[in-house]
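Written below as C-alpha cells is the structure these notes are about.
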Amino acid sequence: MSHGGGGHAAELFPETQVLGIGLVLSLVGMYIANFLPEYAMLIGGALTVPACVAGANTTRKVAAYGLGTGVPSIGMVSLGMGTLSALAAVYLPVAFGIDSMATPIIAVIVSLAIGAIVGKLTQNPVGMKVPIIVSSMIKLSLMGALSILGFCTAFAGGFSANVFIPGAIETGMIGLAFIAAGIAILHPFNACLGPNESHRRTMYLAIACGLLAWLVFAISKLDAISTVISAVLWVATYAMFVKMSLNDASDVLYTPELPKKEE
Amino acid sequence: MDISSIILPLVEITLAGAIINASVHFVPVGGAPAAMATSTGVGTGTTQLAAGAGFTGLLAAAGMAAQPGIMISNPVHALLIMLSGAVGAMIMLGLTMLIGQLIYVYGVGIVPAADKCDVDPITKDPQSAFITPGTTGHGIPTVCFVSGLIGAALGGIGGGMAYVGLLGLGFTIPAIAGVLAIGFFFMNAVLASYNIGGTIEGFHDPKFKKMPNGVIASTVSSLVAAIILIGMSMGL
C-alpha cells in the first residue's frame, strides 16, 4: 500500500544541481553568519532557504516511488538524523579540540555517515523496495542537518559551542528549526503530489515554504529588515504558486452563495 | 571519564532504540483508510502516532527527572523515570484511541472489528461477521486497543531510557537532552514504520512477524548514534 505514489513527472531541474546549490549556499551562509553576526539572520537565514529547497526536491524524488508510510515520514527521518548531526557538529569540535570553524564541515561529514548507515538499514534488514533509498537518505540527512544548523546559526549569530548552545539550544530555537525546516522539506511534495504534479510548481512551493521558515526565524529574532524582506519574498513566491496551481487546474469552481429563500 | 560511565549509557541508548522500534509495531495505525473507517486503527501515520506517544512519554520522563531528589545514578530512580515515561505515553495513546473510537462508533456508526483475525484474541468475539464488505475492518477492537497500550508503554520506556542515557552522559541541560532524544526517537520510529509499510493492527497482525528486522535495524542505527553521542559528551 502506498500513500505517496504519484509516479514521476518530468524533472526540470537536475537533482545534483539543486543539491549542489543548496550545499554551497547554506555553507557560505553559515560562515557569513558566524563572521558577521549583525547580518546573521539576513544573509544566513536567506542562504539556508536553498538547503530546505534541495531537501524538498530530494523528498519529491524518493517519495514518488511510494514509501508506504506517507511523505511526512521521510521528512521526519531527515530532520531526526539532521538534529543529531547538527548537534554533533557543535559538540565534537569541543570534545576533540578541533577549531570551531570546522563545525559546518563536520555537520556535512556526520550527516553523510548517518544517512548512509540508516539508508543501508532501510534496505537490509527492513527491506524497502525503493532503488534510490540509500542515496536519498544520505541527501536528506545532509539537507536536514544543514537547514537546522543554518537557521540556528542565523538565530544565534554563530556556530561555535559557546554561542550556539545559549543562543539556539537553551532558548528552544532548535525545536522551532526542527519543525519549521521539517515542514519546508516534507510539505511541498506532500501538498502537490498526484497525477498532475509538476516539478516547477512543487519547487515554487518549496521556495515559499523555505522563505516562510526564514520569516518565522526573522520574527523570533525581532530582525525588522529580515522580516520585511522574507515576508515580501514569501508573499511573492506563494502568490506565484497559487497562480500556477490555478493555471494547472482543469477548472476552478467556487461554491455559489445559497439563495436567500426559495424562488 | 571512566569506561563504566560510557558503557552504561551506550547500552541504555542502544537498547532504547530497539525498544522504541519494537513499540511502534504494537500501535494500531490505519492511515487515511482508517480515517474513512474502512480499515482498523487510528486514522494517522505510524510515525506521527508513535512520535506523539513518545514525546508525551519523554515529557513525563523529563518531568520526573527534574523532581528534587531524583538521582540518575540511582537505578531505582532511573526506573521511576522510565515508568513515568511509560505512563505518560499510555495516557496519550489511550486517550487518542478512546476519542477515535467514540468518533468511529457514534459518529461514523460502525462496529469495531479487526480484519486480520477471525476471533478477537482477548474477548474471543467473532470478528469477520461484523466487517463491512469492501473494507479491511474498522474502528479499534479490544485487541488493537490493548496492543496500542502495550506499544505506548514500551515507547515511553524507550524514550525515557534514551533520556536517562543522555543525562547519564552528562547532557544535563534538559533542552539538549530533550532535543537529542526527539531526533533519536524520530529516527527509530520511522525505521519501524518503514518496516511495517502502512497499516498494522497490533500484535495479532501478520506484519508483526517482521518486527525482528526493524529491531535489528534500530539496534545498529542506535549504536551508531550512541557512539556519536558519546563523542559529543566528551566536550561537555
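The single condition from (1) out of contact with any Leu (no Cβ under 8 Å at 6 or more places or on another chain); (2) of a type outside the set (Lys, Arg); (3) within 24 Å of B:Asn21 (Cα to Cα) that B:Leu93 fails is (1). Considering every residue within segment B:150-163, establish whether at least one is touching a residue at least 24 places away in the same chain (Cβ under 8 Å), crowded, with 20+ Cβ neighbours inside 10 Å, facing chain A (nearest Cβ under 7 Å) and not acidic (Asp, Glu). No, segment B:150-163 contains no residue that is touching a residue at least 24 places away in the same chain (Cβ under 8 Å), crowded, with 20+ Cβ neighbours inside 10 Å, facing chain A (nearest Cβ under 7 Å) and not acidic (Asp, Glu).
Within segment A:48-77, take every residue that is at the interface with chain B (Cβ under 9 Å from one of its Cβ atoms) and touching a Leu at 6+ places or on another chain (Cβ under 8 Å) and give me the one that is nearest to B:Ser193 (Cα to Cα).
Step one: filter segment A:48-77 for residues at the interface with chain B (Cβ under 9 Å from one of its Cβ atoms), giving A:67-70, A:72-74, A:76-77.
Those still in the list that are touching a Leu at 6+ places or on another chain (Cβ under 8 Å) too: A:72-74, A:76-77.
Details: A:Pro72: 12, A:Ser73: 8, A:Ile74: 10, A:Met76: 12, A:Val77: 11 Å.
So the residue we want is A:Ser73.
Across segment A:170-189, the number of residues qualifying as more than 16 Å from A:Met143 (Cβ to Cβ) and in contact (Cβ under 8 Å) with a residue 60 or more places away in the chain comes to 1. Restricting attention to segment B:164-183 and to residues that are within 7 Å of another protein chain (Cβ to nearest Cβ) and open to solvent by less than 10 Å² (accessible area, probe 1.4 Å), the residue that is farthest from A:Ser111 (Cα to Cα) turns out to be B:Ile176.
Let's see how each residue does on (1) touching a strand residue (DSSP E or B) at 6+ places or on another chain (Cβ under 7 Å); (2) of a type in the set (D, E, K, R); (3) within 27 Å of B:Pro206 (Cβ to Cβ):
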{"residue": "B:Ser4", "(1), (2), (3)": "no, no, no"}
{"residue": "B:Leu8", "(1), (2), (3)": "no, no, no"}
{"residue": "B:Val11", "(1), (2), (3)": "no, no, no"}
{"residue": "B:Ile19", "(1), (2), (3)": "no, no, yes"}
{"residue": "B:Ser23", "(1), (2), (3)": "no, no, yes"}
{"residue": "B:Val27", "(1), (2), (3)": "no, no, yes"}
{"residue": "B:Gly30", "(1), (2), (3)": "yes, no, yes"}
{"residue": "B:Ala37", "(1), (2), (3)": "yes, no, yes"}
{"residue": "B:Val42", "(1), (2), (3)": "yes, no, yes"}
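For segment B:198-223, filtered to residues that are open to solvent by 40 Å² or more (accessible area, probe 1.4 Å) and within 7 Å of another protein chain (Cβ to nearest Cβ), the residue that is nearest to B:Thr135 (Cα to Cα) is B:Asn213.
In contact with a helix residue (DSSP H, G or I) (Cβ under 7 Å, 6 or more places away or on another chain) and within 11 Å of chain B (Cβ to nearest Cβ): does that describe A:Ile43? So A:Ile43 fails the test. Counting the residues of segment B:224-236 that are more than 7 Å from chain A (Cβ to nearest Cβ) and open to solvent by 30 Å² or more (accessible area, probe 1.4 Å) gives 2.
For beta carbons closer than 6 Å, sequence separation of 6+ or different chains, a first residue in segment B:188-212 that is closer than 15 Å to A:Met76 by Cβ and a second that is of a type outside the set (S, T, N, Q) and assigned to a loop (DSSP other than H, G, I, E, B), the qualifying pairs are B:Tyr194/A:Val126; B:Tyr194/A:Met128. Here A:Val90 meets each of (1) within 14 Å of chain B (Cβ to nearest Cβ); (2) under 17 Å from the mean Cα position of the chain (by Cα) with one exception, condition (2).
Being touching a helix residue (DSSP H, G or I) at 6+ places or on another chain (Cβ under 6 Å), in a helix (DSSP H, G or I) and over 21 Å from A:Asn57 (Cα atoms), is that true of even one residue in segment A:205-216?
First, pick out the residues of segment A:205-216 that are touching a helix residue (DSSP H, G or I) at 6+ places or on another chain (Cβ under 6 Å): A:205-216.
Of the ones still in play, those that are also in a helix (DSSP H, G or I) are A:205-216.
Next cut, over 21 Å from A:Asn57 (Cα atoms) only: A:216.
Yes, segment A:205-216 has at least one match.
If you go through segment A:101-128 and pick out every residue that is in contact (Cβ under 8 Å) with a residue 12 or more places away in the chain and within 11 Å of another protein chain (Cβ to nearest Cβ), you end up with 11. Suppose we filter segment A:187-204 for residues that are crowded, with 24+ Cβ neighbours inside 10 Å and not in a helix (DSSP H, G or I); how many remain? Total satisfying the criteria: 0.
To keep it simple, each residue is scored yes or no on (1) surrounded by fewer than 23 Cβ atoms within 10 Å (Cβ to Cβ); (2) within 23 Å of A:Gly80 (Cα to Cα); (3) touching a His at 6+ places or on another chain (Cβ under 8 Å).
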residue	(1), (2), (3)
B:Ser5	yes, no, no
B:Leu10	yes, yes, no
B:Gly17	no, yes, no
B:Thr38	yes, no, yes
B:Thr46	no, yes, no
B:Ala60	no, yes, no
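Close contacts from segment B:106-127, counting a first residue that is farther than 19 Å from B:Pro33 by Cα and a second that is among the small types (Gly, Ala, Ser) and not in a loop (DSSP other than H, G, I, E, B), with Cβ to Cβ under 6 Å and a gap of 6+ residues or different chains, come to B:Asp118/B:Ser128.
Here is the figure for segment A:168-182: residues that are surrounded by fewer than 20 Cβ atoms within 10 Å (Cβ to Cβ) and part of a helix (DSSP H, G or I) total 3.
Considering only residues in segment B:132-149 that are open to solvent by less than 30 Å² (accessible area, probe 1.4 Å) and in contact with an Asp or Glu (Cβ under 7 Å, 6 or more places away or on another chain), the one that is modelled with the lowest pLDDT turns out to be B:Gly137.
The numbered conditions (1) in contact with a Phe, Trp or Tyr (Cβ under 9 Å, 6 or more places away or on another chain); (2) away from chain B (no Cβ under 14 Å); (3) surrounded by 24 or more Cβ atoms within 10 Å (Cβ to Cβ) are all true for A:Ser26 except (1).
Of everything listed in (1) within 23 Å of A:Val130 (Cα to Cα); (2) surrounded by fewer than 24 Cβ atoms within 10 Å (Cβ to Cβ); (3) β-branched (Val, Ile, Thr), the single unmet condition for B:Val190 is (2).
Within segment B:19-52, can you find the residues that are part of a helix (DSSP H, G or I) and either farther than 22 Å from A:Leu67 by Cα or of a type in the set (Val, Ile, Thr) (or both)? Selection gives B:Ile19, B:Ile20, B:Val24, B:Thr46, B:Thr47.
The values are calculated or read from the model by the stated rules, or taken from the named source; none is laboratory data. All of these numbers come straight from a predicted model, not from anything done at the bench. Cβ atoms come from the backbone with ideal geometry, glycine included; neighbour counts cover every protein chain shown. The accessibility values were calculated without ligands, DNA or RNA, using every heavy atom of the protein model including side chains. Shrake-Rupley method; radii C 1.70, N 1.55, O 1.52, S 1.80 Å.
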